[in-house]
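Structure first, commentary second.
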Amino acid sequence: MSPPALAESFRRLIAATGPISLAHYMAEANARYYASRDPLGSAGDFITAPEISQMFGEMVGVWLADIWMRAGKPGPVLYVEPGPGRGTLARDCLKVAARFGLNPQVHFVETSPVLRAAQREVVPHAHWHNDLSTLPTNAPMLLVANEFLDALPIRQLVKTPRGWRERMVGVMADEAGHPAFAPMAGELPMDAAVPEGAREAEAGTIIETCPAAAAVVSEISRRLATQGGAALLIDYGYDTVQTGSTLQALRAHQHHDPFTAPGEADLTALVDFATAAEVARRDGARVLGTVGQGAWLNAMGIGTRAAALAQSSPAHAKSIAAALERLTHPEQMGTLFKVMGLVAPGWPDGAGF
Ligand code: SAH
């Protein structure tokens, strides 16, 4: 028997105890969403950089191998990937790394049984974890996360005429009079949760934070400081503080109202790289910088790689050029997507920052 629709259990919960926090709504919706399907690719709901072209994973592999060599080839070393999707990035990246003599032990952080099975097909020797806490502590870590932080639950605070409130999800009648999920301000004053300098704001102003992403960046940074290593965090996001809701839902490659059909669409929010950098520094990592994905891939030599691939397989030259454009063009994934580099204190600078 399939589990009851998440919408039904949310409706019952809200009827019994009142509106739930947006973080609660997003966490459960995404857990249900990812546990039940492979959402990637043209037949799914969205496509990610590693699924667009092998060149993406290859550039990540070159970056990791380069910094590992500059660090004096420490061994043994761990490859850690939170949210590996179908395992495509790991496969392409580890293949290139091996050419440089880098053969790390592979650790995936993945909660979805469906995606774990897909990952086992392409990287059978990996070790799996539900969260970062059980990763080994005895070796330097080379960590890559692509479109992982954006799926973690956000919290929103909204300015009302009565002061700051948490943005909750409740049930209201829609235009046709049917009950529907909708965002609404909570009852409890939340002014203390807003930084003093930001408290004066027009009614309707929304401040979004992602405590779960901050916790992940904190754990990565503390591990870099004690274990050594380097990390690349790649996602769509912003690197100067902003206000407003960035919550969005994607289904079959179309934007969708995040409050209809929870658990049936991918819910994401832009990653706040400014806060991530602050957390990383506070917890002992060295921040190499945050740059646009296009600039970073170009600096890693993706243009040369595309030319070589096109030369060895002229029949695919057009699709290779299209993939290159999609990954790097400022109006495609080149600017909105960003690459943040973190290293352990004492580790060398990485390329492209
Ligand atoms: N990195 C992949 C997939 C991105 S989709 C790619 O670029 O193609 C998001 C991934 O994060 C999926 O593998 C999903 O199952 C996983 N994920 C989402 N929330 C998670 C959580 N809270 N804990 C562990 N994995 C999670």
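The values are calculated or read from the model by the stated rules, or taken from the named source; none is laboratory data. Everything quoted here is computed from the prediction, not taken from an experiment. Please note: Cβ atoms are built from the backbone with ideal geometry, for glycine as well, and neighbour counts cover all protein chains shown. Calculation scope for accessible area: heavy atoms of the full protein, side chains included, ligands and nucleic acids excluded. Shrake-Rupley method; radii C 1.70, N 1.55, O 1.52, S 1.80 Å.
How far, in degrees from 0 to 90, does helix 6-17 lean away from the longest principal axis of the Cα atoms of the chain, to the nearest 10?
40
If you take the square roots of the eigenvalues of the alpha-carbon gyration tensor of the chain and sort them as a ≥ b ≥ c, do you get rounded (a/c under 1.5), prolate (a/b over b/c) or oblate?
prolate
Give me the percent of DSSP beta bridges within the chain that run antiparallel, rounded to the nearest 5.
Roughly 65 percent of the beta bridges in the chain run antiparallel, per DSSP.
Could you order peptides 195-201, 183-189 by the average number of other Cβ atoms within 10 Å of their residues, highest first?
Descending mean neighbour count gives 183-189, 195-201.
Would you work out what percent of the accessible area of region 125-277, with all protein chains in place, is carbon or sulfur (probe 1.4 Å)?
Within region 125-277, the accessible surface is 55 percent carbon and sulfur.
Need the C-alpha centroid separation for region 307-321 versus region 136-158, integer Å.
If we compute the Cα centre of each part, the gap is 34 Å.
What order, most packed first, do the peptides 326-337, 280-291 have when packing is the mean number of other Cβ atoms within 10 Å of each residue?
Sorting 326-337, 280-291 by mean packing, highest first, produces 280-291, 326-337.
Taking every DSSP beta bridge with both residues inside region 228-284, roughly what % is antiparallel (nearest 5)?
Details: 6 of 8 bridges.
Looking only at bridges with both residues in region 228-284, the antiparallel portion is about 75 percent.
Treating the beta-carbon of each Lys and Arg as +1 and of each Asp and Glu as -1, no other charges, what is the dipole magnitude of the chain about its Cα centre, to the nearest 20 debye?
The calculation lands at about 900 debye.
Using alpha carbons only, how many degrees (0 to 90, rounded to 10) separate the axis of helix 88-99 from the longest principal axis of the chain?
Taking Cα atoms only, the helix is inclined about 20 degrees.
Would you mind working out the accessible area per residue for the chain, using a 1.4 Å probe, and quoting it in Å²?
Ligands and nucleic acids excluded, the figure is 45 Å² per residue.
Return one number: the angle in degrees, 0 to 90 and rounded to the nearest 10, between the long axis of the Cα atoms of helix 317-328 and the longest principal axis of the Cα atoms of the chain.
So the inclination is approximately 60 degrees.
Specify whether the C-alpha gyration tensor of region 151-232 places it in the rounded, prolate or oblate class, a ≥ b ≥ c being the square roots of the eigenvalues: rounded for a/c under 1.5, otherwise prolate if a/b is larger than b/c and oblate if not.
oblate
Using alpha-carbon positions, what is the distance between the centroids of region 82-132 and region 213-255, in Å?
When both Cα centres are located, 19 Å separates them.
Using a ≥ b ≥ c from the Cα gyration tensor of region 284-353 (square roots of the eigenvalues), is it rounded, prolate or oblate, where a/c under 1.5 gives rounded and otherwise the larger of a/b and b/c decides, a/b for prolate?
oblate
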